[in-house]
Amino acid sequence: MPTTWVDALLHKTRQKEVSPYPHQAAFLLNNPVRRALAKPARVVEALGLTGSEHVLEVGPGPGFYSVEIARRLPYGRLDLFDVQPEMLTKAGRQLEHAGFYDVGFTTGQAAEGFPFPDNTFDVAFLAAVIGEVPDKPACIRSLGRVLKSGGRLVFAEAFPDPDRMSVRELRDLTESENFDFVEATGNRWHDVVRFRKTDRS
């Protein structure tokens, strides 16, 4: 069992199977340098929020994007879902510090399904997450269940994430599960890829 952030990162690097980014090293994800370089507000703009949506953020980690999302939902709601309760605790602190308290926190494995009713969410957002999910098709199917018809599914992928998925891989994974490809923006360093849920069977 990893006890320090160094141990945790080395453990993830040595594992052959997919695994989540260790919560012990969360400070490496949520720091001023990364925030200046990655510009989370710019990524969140791609969600196209109008302010009243119900948004599901899967794998928020320590809340790097969560505050920016909550800021754009004055009449909506944000729910966070993560396999590591420690990450949800860290994200919760970030949100409370920024003055956002009406946020949902749920722990679980994305590959095992989301414990929300059908047609709950307008938007689902996954940043550097889907590559760490053991059963990716099952995760996408479950997202399709909890998203409303026409709901948006948005992925953000970036270097140097070792589990980064390409636009082509995301399309192959997602379009077979009743999602239409909308747009991909970015460059060799990062991608934001958007899909829309359809009603075809």
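Proximity of backbone amide H atoms, modeled 1.01 Å from N, is registered between Phe121 and Leu147, Lys148 at under 5 Å, excluding neighbours fewer than 5 places apart on the same chain.
Give the peptides 166-175, 48-57 in descending order of average Cβ contacts within 10 Å, highest first. Don't skip to the end; give the middle numbers.
Numbers: 166-175: 16.0, 48-57: 18.6.
Peptide ranking by packing, descending: 48-57, 166-175.
Derived scalar couplings between HN and Hα for region 181-191 equal 5, 10, 6, 10, 10, x, 7, 5, 9, 7, 9 Hz in order, rounded to whole Hz, by the Karplus curve 6.51 cos²θ - 1.76 cosθ + 1.60 (θ = phi - 60°), x for Gly and Pro.
Rounded, prolate or oblate: pick one for region 23-197, where a ≥ b ≥ c are the square roots of the eigenvalues of its C-alpha gyration tensor, a/c under 1.5 means rounded, and failing that, prolate if a/b is larger than b/c, else oblate.
Values: a/c = 1.33, a/b = 1.14, b/c = 1.17.
It comes out rounded by the Cα gyration axes.
For the peptides 148-155, 64-71, the ranking by mean Cβ contacts within 10 Å, running from highest to lowest, is 64-71, 148-155.
Between the C-alpha center of region 140-201 and that of region 59-73 there is a gap of 19 Å.
All of the numbers you see were taken from the coordinates with simple rules; none came from a lab. Note that the structure is a prediction, hence the values are computed from the model and not measured. Because the Cβ atoms are built from the backbone with ideal geometry, glycine has one as well, and the counts that use them run over all protein chains shown.
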